[in-house]
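Asks: Dropping a structure here in structure tokens format, bear with me for questions.
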Amino acid sequence: MPGGELQTVVHDASEVVVGKRDGAWPGEGSELLETYEDAAVAVVDGEIAAVGPTDEVLREYPAENAEEAYDATGQAVVPGFVDPHTHAVFAGDRSDEFEAKLKGKTYQEILADGGGILRTVRAVREATERELAANLREHLDAMLAYGTTTVEVKSGYGLDAESELKLLSAVETVAADHVVDVVPTFMGAHAVPEGQDTDDYVDDVVDEQIPAAAEQGVAEYCDVFCEEGVFSVEQSRRVLEAGRDHGLTPKVHAEELAHIGGTKLAADVAATSADHLLHSTREDVDALVDADVVPVVLPGTAFGLGAEYADAAEMLDAGAPVAVATDFNPNCHSRSMGFAQSLCCVEMGMTPAQALVAATEHAAMALDRPTKGRLDEGAPADMAIVDAPSHVHVPYQFGENVVDAVFKDGARVA
Ligand code: NIG
Ligand code: FE
């Protein structure tokens, strides 16, 4: 056997989606994707050794020689979803705010009354690290069952050095033994603590929290809520530059509730991604493309807020590598990348093929994980098995979990 033990063979799938075809983005349907029909995937030592028509793959990698053979008759194999933007480590319950929003209260009004993020901050400060880790573990379990194999997780419900480190430490604990790959982000600049001046708080983030987070060594990225009434462009720039100086790569929450210039800032500081973008302009999008910043859309948030959606058509027209994430948080309680893809299609005019690329390969780009999100030979064998004959069923069957099985590094994990 070339290279090692034959770990897994998934065979007789109706369709295997490898990823987008070179140079085809943002093409619409079948021409966008590199797919095989009646196809199989062979995995050796956690990596894809072969992908192609079942008879060809089985000739070299007979299913009976594999530790695990999976008959995918009538099913589709897609890359495991990559969720590049979540706030999945928190405590408390904000379901009553959902009801208040349905009655017309705005997100900003709730925050101004000490609710929203600030309420989750109170719950997090009271929670033990163990409780936070248990909560996160439960969320990752659900995400995995929905087909997600890599997840970014932000801190940001602590808002002081001690509590932010507690959140990141909980993330580290769970990441160490959960099968989902976790990418931790420091987001001390998520809101201004009650009663504190914004500039003073930015000083605290820059002088205390970022150095402490860097020393702790868990976080890879530094994110900021660059938003009207939260952190201005200049305050956000200070945070991101300090993060960069301490080895944390920038990400930006940009133009979610208003247009204040967060997208341009993301381009300026060479962020890996700019996320939300509900109010970004064509000029903003062009700036992201020029600076190689991945635009991440979070349609679940718009859905939950009853707000308008980001202009995906404009991003596609600009050739931007649009990625999609759940933004899972107490304000957007969805852990399903399948549902996020349904919203991409129904509310943002993307095709199922575009939504899938956004949820896999482009999402991996938003986390600078270039080997993830595709099923090329040599790539880690992170795969979701869809219990239907094609990838179209992922967004088509909204509100359901169409994922029947999940493989992580070639091992069946769900
Ligand atoms: O991305 N916008 C800021 N952060 C989150 C919301 C967090 C919360 O409300 O708890 C977001 O939507
Ligand atoms: Fe967010």
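Asks: By average Cβ neighbour count within 10 Å, what is the ranking of 386-392, 39-45 from highest down? Don't jump to the answer; show the numbers that get you there.
Replies: Working: 386-392: 19.9, 39-45: 24.1.
Final packing ranking: 39-45, 386-392.
Asks: Projected area of the stretch 1-132, taken from the Cα convex hull and averaged over every viewing direction, in nm²? Let's see the in-between values first.
Replies: Working: hull surface 55.5 nm².
Projected over every direction and averaged, the Cα hull of the stretch 1-132 covers 13.9 nm².
Asks: If r is the Cβ-Cβ distance from Gln397 to Asp141 and R0 is 25 Å, what FRET efficiency results, to the nearest 0.05? Mind showing how you got there, number by number?
Replies: Numbers: r = 21 Å, r/R0 = 0.84.
For Gln397 and Asp141, the calculated efficiency is 0.75.
Asks: Relative to the longest principal Cα axis of the chain, at what angle does helix 233-245 sit, 0 to 90 degrees, rounded to 10?
Replies: Roughly 60 degrees, rounded to the nearest 10.
Asks: If Rh is defined by the Kirkwood formula over all Cα pairs and Rg also comes from Cα, what ratio Rg/Rh do you get for the stretch 372-414?
Replies: Working: Rg = 11.3 Å, Rh = 11.2 Å.
Using Cα coordinates only, the ratio equals 1.01.
Asks: Compute the signed sum of charges (Lys and Arg +1, Asp and Glu -1) over the other residues within less than 10 Å, Cβ to Cβ, of Ala363.
Replies: Numbers: positive: Arg369, Lys372; negative: Asp83, Glu152, Glu361.
My count for the surroundings of Ala363 gives -1.
Asks: Considering only Cα-Cα distances, which of the following residue pairs are longer than 32 Å: Lys101/Lys408; Lys103/Lys154; Lys20/Lys103; Lys105/Lys251? Numbers along the way, then the final one.
Replies: Values: Lys101/Lys408 38 Å; Lys103/Lys154 29 Å; Lys20/Lys103 42 Å; Lys105/Lys251 29 Å.
Flagged as over cut-off: Lys101/Lys408; Lys20/Lys103.
Asks: At most 16 other Cβ atoms within 10 Å and a DSSP loop assignment: could you name the GluC sites (Glu not before Pro) in the stretch 67-140 that fit? All intermediate terms of the calculation are to be shown ahead of the outcome.
Replies: Values: sites: Glu67, Glu68, Glu97, Glu99, Glu109, Glu126, Glu129, Glu131, Glu138; in loops: Glu67.
Answer by residue number: Glu67.
Asks: Please list, ordered by chain and number, the residues whose modelled amide H lies under 5 Å from the amide H of Leu159; skip anything fewer than 5 residues away on the same chain.
Replies: Sorted by chain and number, the residues that satisfy this are Glu164.
Asks: Among Ser30, Ser342, Ser155, which comes first, second and so on when ranked by fewest other beta-carbon atoms within 10 Å?
Replies: Ser30, Ser342, Ser155
Asks: Out of every Cα-Cα pair in the stretch 49-188, what percent are more than 24 Å apart? Could you put the intermediate results ahead of the total?
Replies: On the way: 4721 of 9730 pairs.
For the stretch 49-188, the share of Cα pairs beyond 24 Å comes to 49 percent.
Asks: Write out the GluC sites (Glu not before Pro) in the stretch 164-196 meeting two conditions: DSSP loop, and at most 13 other Cβ atoms within 10 Å of their Cβ.
Replies: On the way: sites: Glu164, Glu172, Glu194; in loops: Glu194.
Counting only loop positions with at most 13 other Cβ atoms within 10 Å, the GluC sites (Glu not before Pro) in the stretch 164-196 are Glu194.
Asks: Of Glu308, Glu256, how do they rank once you tally other Cβ atoms within 10 Å and put the fewest first?
Replies: Details: Glu308 10, Glu256 27.
Least to most surrounded, the residues fall as Glu308, Glu256.
Asks: Along the principal axes of its C-alpha atoms, what lengths does the stretch 258-414 span, in descending order and rounded to whole Å?
Replies: In descending order, the Cα extents are 45, 36, 29 Å.
Asks: If you stretched the chain out fully between Glu347 and Glu129, how much longer would it get, using 0.36 nm times the residue separation minus the C-alpha to C-alpha distance? Numbers along the way, then the final one.
Replies: Details: separation 218, 0.36 × 218 = 78.48 nm, distance 3.80 nm.
So the chain would gain 74.7 nm between Glu347 and Glu129.
Asks: If we sort 283-293, 178-188 on the protection proxy, mean other Cβ atoms within 10 Å, highest first, what's the order? Walk me through the numbers on the way to the answer.
Replies: Details: 283-293: 18.5, 178-188: 24.5.
Going by the mean number of other Cβ atoms within 10 Å, highest first, we get 178-188, 283-293.
Asks: Find the centroid of the Cα atoms in the stretch 244-282 and in the stretch 331-408, then give the distance between the two in whole Å.
Replies: First find each Cα centre; the distance between them is then 24 Å.
Asks: Further question on the same structure: Using only the C-alpha atoms of the stretch 324-414, find the volume of their convex hull and express it per residue in Å³. Intermediate values should be presented prior to the final figure.
Replies: Working: hull volume 9.9 nm³, N = 91.
Per residue, the Cα convex hull of the stretch 324-414 comes to 109 Å³.
Asks: A further question on this structure: May I ask for the angle, rounded to the nearest 10°, between helix 337-348 and the longest principal axis of the chain, with both axes built from Cα atoms and the value confined to 0 to 90°?
Replies: 80 degrees
Asks: Here is a follow-up. Could you compute Rg(Cα) / (2.2 N^0.38 Å) for the stretch 181-311, with N its residue count? It would help to have the intermediate numbers written out before the result.
Replies: Numbers: Rg = 14.2 Å, N = 131, 2.2 N^0.38 = 14.0 Å.
Relative to the rule-of-thumb radius for its length, the stretch 181-311 sits at 1.01.
Asks: Residues of the stretch 324-367 with amide nitrogen under 20 Å from the 7 Å Cα-to-Cβ point of Arg244?
Replies: In the stretch 324-367, the label zone of Arg244 (backbone N under 20 Å from the point 7 Å along Cα→Cβ) covers 366-367.
Asks: Sticking with this structure for a sec: Taking a quarter of the surface of the convex hull around the Cα atoms of the stretch 103-163, what do you get in nm²? Could you put the intermediate results ahead of the total?
Replies: Details: hull surface 23.4 nm².
That works out to 5.8 nm².
Asks: Then there's this: Using Cβ contacts closer than 10 Å as the measure, can you line up His85, His333 from fewest to most? Walk me through the numbers before you get to the answer.
Replies: Working: His85 29, His333 15.
The order, fewest Cβ neighbours first, is His333, His85.
Asks: Using only the Cα atoms of the chain, each taken as one equal point scatterer with no solvent, compute I(q) by the Debye sum, divide by I(0), and report log10 of the ratio at q = 0.12 Å⁻¹.
Replies: Treating every Cα as an identical point scatterer, log10 I(q)/I(0) equals -0.90.
Read-outs: derived from the displayed coordinates by stated rules, not from any lab. Remember, predicted model here, so these are calculated numbers, not experimental data. Don't worry about glycine lacking a Cβ; one is built from the backbone with ideal geometry, like all the others, and counts go over all protein chains shown.
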